[in-house]
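Visitor: Here's a structure for you.
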Amino acid sequence: MFDTFVIPKELTPADPRFGAGPSMVPVEFLETLAKTGVHFMGTSHRKPGVKNVVKELQDGLMKYYNLPSDYLVVLGNGGATLLFDMIALGIVEKKATHFTCGEFSEKWFKSSKLVPWIETEQVSVPFGKGINGKATPGSDLIAVTLNETSTGVQLSELPQVDANTILAVDATSGGGQCPCDVSKCDIYFFSPQKVFASDGGLWVAIMSPKARARAAKIAADKNRYVPDIMNWTNAISNSEQNQTYNTPALATLFIMNEQVKRMNEVGYAEVQKLAQKKADLLYGWAESKPYLSCFIEEKQFRSVAVATIDVDSKVNVDDVIKFLEKKKVVYGIDGYRKLGRNQFRIAMFHNILFSDLEKLTKLLSSMIESKL
């Protein structure tokens with residue numbers, strides 16, 4: 001459909017990666033990793049060479065989120081999806097209430113529902129709508145999703161919970177960029193392959209004293225089975241020693257630490273401002289073109305990390321995407337497959353340049369308008 005379209009040089013992004021995950025890993029981080037030579041990769045994660053990187057990463061996150069000193073950055077292997085099960089098995093006492101608005105928040109609910117000795121409740125809205133969550137009588141854990149990767153919905157505010165209730169926040173695709181007072185969360189968890197610009201396979205859970213106390217209480221219950229690999233006390237005790245329970249991917253740790261250092265140079269508040277500027281660009285573009293529309297109609301729930309833009313059915317977005325990928329100019333702007341919409345899904349993560357997003361919007365408009 002676009003075989004004769006000529007991509008203007010001035011509209012070619014400096015970096016082609018706009019995917020909602022895995023996100024773009026800066027080439028300079030790989031170069032920095034390579035310079036460690038024989039002194040990091042292939043060494044023991046129980047030795048100072050790796051433990052020092054883990055400690056720097058933990059300290060960097062504490063600084064970035066301006067966390068109280070009694071919070072702990074806990075790390076482990078398996079990715080944030082593993083935490084869906086870990087939280088149900090080792091943090092929920094009797095009942096969890098999940099507030100769902102898309103594929104991944106529903107996936108978390110379904111994981112909890114499979115645990116036979118806890119009760120689960122789902123409060124849902126249709127995909128594309130936002131939901132903030134609220135304290136629910138009888139529930140000792142409230143589960144909300146900071147940024148729903150599949151739809152581009154983010155929380156507009158955190159629910160308030162009492163001293164006996166854990167607030168758990170899945171921050172995977174928005175952590176570090178979407179607004180959130182982490183000091184009001186008991187478990188704020190994510191994988192590093194989104195805003196934190198690393199590879200998957202690692203999980204990070206920022207835990208309050210209340211969450212750690214709950215984990216210890218459940219772990220002490222000998223009648224309740226939790227596999228060692230999902231045992232919170234194992235993860236916590238190892239994290240207190242700047243290491244993980246089992247062998248981590250060292251490159252993932254190293255690259256994430258480089259990203260946290262980069263983000264600390266500007267600070268969380270400034271990162272949020274830059275993200276909002278990118279979001280204003282993309283949503284403004286969608287609202288200014290008659291052949292585009294914002295999938296998320298409620299403005300207060302529009303993500304500043306992942307934008308979802310619907311396209312007029314006269315133009316097949318798959319043709320646009322295939323052409324740009326073939327030319328190696330733009331990668332990863334497909335809509336979430338299970339939504340089945342004629343849609344672009346564009347990441348606005350911290351490393352993606354505003355100038356590249358400007359070029360992308362102009363390039364997409366030029367292509368679409370050439371066929372209308």
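Visitor: Among the residues of the range 347-372, write down those that are of a type in the set (A, V, I, L, M) and part of a helix (DSSP H, G or I). First the steps, then the outcome.
Guide: Step one: filter the range 347-372 for residues of a type in the set (A, V, I, L, M), giving 347-348, 352-353, 357, 360, 363-364, 367-368, 372.
The answer is L357, L360, L363, L364, M367, I368.
Visitor: Something else about it: (1) free of Cβ contacts under 8 Å to residues at least 60 places away in the same chain; (2) surrounded by 16 or more Cβ atoms within 10 Å (Cβ to Cβ): which one isn't true of L72, the others all being true?
Guide: Among (1) free of Cβ contacts under 8 Å to residues at least 60 places away in the same chain; (2) surrounded by 16 or more Cβ atoms within 10 Å (Cβ to Cβ), the lone unmet condition for L72 is (1).
Visitor: Which of the residues spanning the range 152-190 are within 28 Å of R341 (Cβ to Cβ), among the polar types (S, T, N, Q), part of a loop (DSSP other than H, G, I, E, B) and modelled with pLDDT of 95 or more?
Guide: S156, Q177
Visitor: Another question about this same structure. Does K194 satisfy being out of contact with any helix residue (DSSP H, G or I) (no Cβ under 9 Å at 6 or more places or on another chain) and at pLDDT below 95?
Guide: Working: out of contact with any helix residue (DSSP H, G or I) (no Cβ under 9 Å at 6 or more places or on another chain): yes; at pLDDT below 95: no.
Here the answer is no, as K194 does not meet what is asked.
Visitor: Another question, then. Go through K63, K55 for me and flag whichever is more than 16 Å from P209 (Cα to Cα), of a type in the set (K, R), touching a helix residue (DSSP H, G or I) at 6+ places or on another chain (Cβ under 9 Å) and in the same structural domain as G201 (by TED's automatic domain parsing).
Guide: Values: K55 fails: touching a helix residue (DSSP H, G or I) at 6+ places or on another chain (Cβ under 9 Å).
One residue alone meets the criteria, K63.
Visitor: Please verify whether the range 261-283 includes one or more residues that are within 20 Å of A88 (Cα to Cα), free of Cβ contacts under 8 Å to residues at least 60 places away in the same chain and surrounded by 13 or more Cβ atoms within 10 Å (Cβ to Cβ).
Guide: Looking for residues that are within 20 Å of A88 (Cα to Cα), free of Cβ contacts under 8 Å to residues at least 60 places away in the same chain and surrounded by 13 or more Cβ atoms within 10 Å (Cβ to Cβ), one finds none in the range 261-283, hence no.
Visitor: Residue check, L372 against (1) surrounded by fewer than 21 Cβ atoms within 10 Å (Cβ to Cβ); (2) out of contact with any Phe, Trp or Tyr (no Cβ under 7 Å at 6 or more places or on another chain); (3) of a type outside the set (S, T, N, Q); (4) in contact (Cβ under 8 Å) with a residue 40 or more places away in the chain, all met but one. Which one?
Guide: (2)
Visitor: Out of the residues in the range 1-30 meeting the condition of being free of Cβ contacts under 8 Å to residues at least 60 places away in the same chain and not aliphatic (A, V, I, L, M), tell me which one is nearest to D319 (Cα to Cα).
Guide: Step one: of the range 1-30, the residues free of Cβ contacts under 8 Å to residues at least 60 places away in the same chain are 4, 6, 9, 27-28.
When the remaining residues are screened for being not aliphatic (A, V, I, L, M), the result is 4, 9, 28.
On the way: T4: 13, K9: 20, E28: 32 Å.
Per the stated criteria, the residue is T4.
Visitor: Another question, then. Which ones in the range 195-254 are among the charged types (D, E, K, R), surrounded by 14 or more Cβ atoms within 10 Å (Cβ to Cβ) and closer than 21 Å to L67 by Cβ?
Guide: Of the range 195-254, the ones among the charged types (D, E, K, R) are 199, 210, 212, 214, 217, 221-222, 224, 228, 240.
Cutting the leftovers down to surrounded by 14 or more Cβ atoms within 10 Å (Cβ to Cβ) gives us 199, 210, 212, 214.
Hits for the range 195-254 are K210, R212, R214.
Visitor: When the residues of the range 102-130 are narrowed to those that are in contact (Cβ under 8 Å) with a residue 60 or more places away in the chain and hydrophobic (A, V, I, L, M, F, W, C), which ends up nearest to R341 (Cα to Cα)?
Guide: F127
Visitor: Give the residue, chosen from I91, I118, that is in contact with a Leu (Cβ under 8 Å, 6 or more places away or on another chain), modelled with pLDDT of 95 or more and within 20 Å of V161 (Cα to Cα). Can you show your working first?
Guide: Working: I118 fails: in contact with a Leu (Cβ under 8 Å, 6 or more places away or on another chain).
Of the residues listed, the single one that is in contact with a Leu (Cβ under 8 Å, 6 or more places away or on another chain), modelled with pLDDT of 95 or more and within 20 Å of V161 (Cα to Cα) is I91.
Visitor: Mind listing whichever residues of the range 144-172 are surrounded by fewer than 24 Cβ atoms within 10 Å (Cβ to Cβ) and under 18 Å from T97 (Cβ atoms)? Break it down stepwise before answering.
Guide: So the first thing to find is which residues in the range 144-172 are surrounded by fewer than 24 Cβ atoms within 10 Å (Cβ to Cβ), and the list is 156-165, 167.
E157, L158, P159, Q160, V161, D162, A163, N164, T165, L167 - these are the residues of the range 144-172 that are surrounded by fewer than 24 Cβ atoms within 10 Å (Cβ to Cβ) and under 18 Å from T97 (Cβ atoms).
Visitor: If you check F40, F29, which single one turns out to be modelled with pLDDT of 95 or more, of a type in the set (F, W, Y) and closer than 14 Å to S198 by Cβ?
Guide: Values: F40 fails: closer than 14 Å to S198 by Cβ.
Matching residue, one of F40, F29: F29.
Visitor: Now a separate question. Here are the criteria: (1) over 27 Å from G176 (Cα atoms); (2) surrounded by 15 or more Cβ atoms within 10 Å (Cβ to Cβ); (3) in contact with a Lys or Arg (Cβ under 9 Å, 6 or more places away or on another chain). Tell me which single one W117 does not satisfy.
Guide: (2)
Visitor: So, one more: Quick check on my filter: what residues within the range 41-54 are surrounded by fewer than 17 Cβ atoms within 10 Å (Cβ to Cβ) and either aromatic (F, W, Y) or on the phi < 0 side of the Ramachandran plot (or both)? Working first, answer last.
Guide: To start, the set of residues in the range 41-54 that are surrounded by fewer than 17 Cβ atoms within 10 Å (Cβ to Cβ) comprises 41-44, 46-49, 51-52.
M41, T43, S44, R46, K47, P48, G49, K51, N52, listed by residue number.
The values are calculated or read from the model by the stated rules, or taken from the named source; none is laboratory data. Bear in mind that the values here come from a model prediction, so they are computed numbers and not experimental data. Positions of Cβ are backbone-derived with ideal geometry, glycine not excepted, and every protein chain shown enters the neighbour counts.
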